[in-house]
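**Student:** What follows is a single structure, and I will ask about it in a moment.
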Amino acid sequence: MLKVGLTGGIASGKSVVGEMFVALGAHLVHADEISHQLMLPGQSVYDEVVRHFGSSILNSDGSVDRSKLAEAAFSKAAASAASRIEELNRIVHPAVIRRQDEWMEEMGRQDPQAVAIVEAALILEAGAAKRFDRLIVVTSSDDQRIARFAARQKLDLEAARKEVSRRMAAQLPEQEKIKAADYVIDNSVSLDRTQEQVRQAWEKLRSEAMM
């Protein structure tokens with residue numbers, strides 16, 4: 001089995017690229033979905049997040065309002081925001097990484113020649129790159145990133161620009177991610193060209209998994 005990490009900056013199109021790999025035969029899990037599950041009431045991560053960030057991040061039914069949590073983590077003054085983001089990451093990342101490892105082990109049991117892909121925004125920032133055999137980084141232009149984020153969050157472009165800049169400041173610069181990558185998928189081009197890059201990478205990954 002080949003363990004593959006799929007990462008990139010905010011709104012770079014990681015999920016779209018991930019689904020392209022799935023269409024070719026890869027197995028894929030989203031770290032964000034794992035994080036959602038771990039933040040459900042009754043989970044230990046949920047308890048820790050509420051203890052550290054307060055009940056103001058909760059919806060009326062007791063579930064975590066992720067937009068309120070993001071606001072609590074990202075919206076303070078620069079130095080304070082950095083420490084709050086680190087605080088959140090210290091709670092969430094270890095549990096997410098453990099669940100990812102369990103998922104990859106299960107994929108390997110089901111199919112010893114599988115290509116198992118974990119899509120996660122903060123693989124490098126969390127120090128998790130060494131858990132993968134190969135790392136794919138998805139890149140995009142700033143304008144496309146902002147437009148995608150605006151559409152996803154239903155924001156105007158200026159508000160999206162500010163929020164993207166704020167969140168990207170908490171991540172490694174894209175050039176640093178590219179240096180660490182085994183494969184780079186440029187998602188600032190047409191969908192067809194992105195698919196062709198994915199297909200070429202898939203052929204190599206699949207070949208490695210079958211060795």
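Throughout, read-outs are computed from the coordinates displayed, never taken from laboratory work. What you see is a predicted model; the values in this text were computed from it and never measured. A quick note on method: Cβ atoms are made from the backbone with ideal geometry, for glycine too, and the neighbour counts reach across all protein chains shown.
**Student:** In whole Å, what is the distance between the alpha-carbon centres of the range 1-47 and the range 99-176?
**Tutor:** Centre-to-centre (Cα) distance: 8 Å.
**Student:** Can you tell me which aspartates and glutamates have their Cα less than 16 Å from the Cα of K177? Leave out same-chain residues fewer than eight positions away.
**Tutor:** E119, E125, D133, D142, D186
**Student:** What are the residues whose amide H is under 5 Å from the amide H of L58, where those residues sit 5 or more places off or on another chain and H is modelled from the backbone?
**Tutor:** Counting only residues 5 or more places away or on other chains, the set is D65.
**Student:** Ignoring everything except DSSP H segments at least 4 long, calculate the 222 nm mean residue ellipticity for the chain; use -39,500 (n - 2.57) per segment, divide by total residues, nearest 500.
**Tutor:** Value at 222 nm, helices only: -18500 deg cm²/dmol.
**Student:** Can you run phi through the Karplus equation (6.51, -1.76, 1.60; θ = phi - 60°) for the range 151-157 and list ³J(HN,Hα) in whole Hz, with x for Gly and Pro?
**Tutor:** 5, 5, 9, 6, 10, 6, 4
**Student:** In whole Hz and in residue order, list the ³J(HN,Hα) couplings for the range 117-123 that follow from phi through the Karplus curve 6.51 cos²θ - 1.76 cosθ + 1.60, θ = phi - 60°; x for Gly and Pro.
**Tutor:** My calculation for the range 117-123 gives 10, 9, 8, 8, 6, 10, 4 Hz in order.
**Student:** Let me ask something else. Is the C-alpha gyration tensor of the range 121-194 telling us rounded, prolate or oblate? Criteria: a/c under 1.5 is rounded; beyond that, a/b larger than b/c is prolate, otherwise oblate.
**Tutor:** oblate
**Student:** What shape does the range 44-159 take by its C-alpha gyration tensor, where a ≥ b ≥ c are the square roots of the eigenvalues and a/c under 1.5 counts as rounded, a/b above b/c as prolate, and the rest as oblate?
**Tutor:** The shape class here is oblate.
**Student:** Then there's this: Within the range 21-63, name every residue whose backbone N is under 11 Å away from a label modeled 7 Å from Cα of W103 along the Cβ vector.
**Tutor:** 27-38
**Student:** Kindly put S60, S44 in sequence by how many other C-beta atoms sit within 10 Å of each C-beta, fewest to most.
**Tutor:** Placing the least packed residue first, the sequence is S60, S44.
**Student:** Shifting gears a bit: So for the chain: antiparallel DSSP bridges make up what percent, rounded to the nearest 5?
**Tutor:** Antiparallel bridges: around 5 percent, rounded to the nearest 5.
**Student:** Convert each backbone phi in the range 92-109 into a coupling constant with the Karplus relation 6.51 cos²θ - 1.76 cosθ + 1.60 (shift: θ = phi - 60°), then list the ³J(HN,Hα) values in order as whole Hz, x for Gly and Pro.
**Tutor:** Result, rounded to whole Hz: 8, 4, x, 5, 5, 4, 4, 5, 4, 4, 4, 5, 5, 4, 5, 4, x, 5.
**Student:** Sticking with this one: Order of L157, L69 from fewest to most other C-beta atoms within 10 Å?
**Tutor:** L157, L69
**Student:** While we're on this one: Dipole of the range 2-209, Cα-centred, from +1 at each Lys and Arg C-beta and -1 at each Asp and Glu C-beta, to the nearest 20 debye? Walk me through the numbers before you get to the answer.
**Tutor:** Numbers: 28 positive and 31 negative charges, 69 e Å.
Its charge dipole is roughly 320 debye.
**Student:** May I ask you to compute the full-extension gain from S56 to Q153, defined as 0.36 nm times their residue separation minus their alpha-carbon distance, rounded to one decimal in nm?
**Tutor:** The span from S56 to Q153 would gain 32.8 nm if fully extended.
**Student:** Please compare each pair in K130/K179; K14/K130; K130/K162; K179/K204 to a cut-off of 25 Å on the Cα-Cα distance and tell me which ones are over it.
**Tutor:** K130/K162
**Student:** Modelled label-to-label distance, E71 and M168, 7 Å Cα→beta-carbon offset: nm?
**Tutor:** Taking the two extended label points, one gets 2.4 nm.
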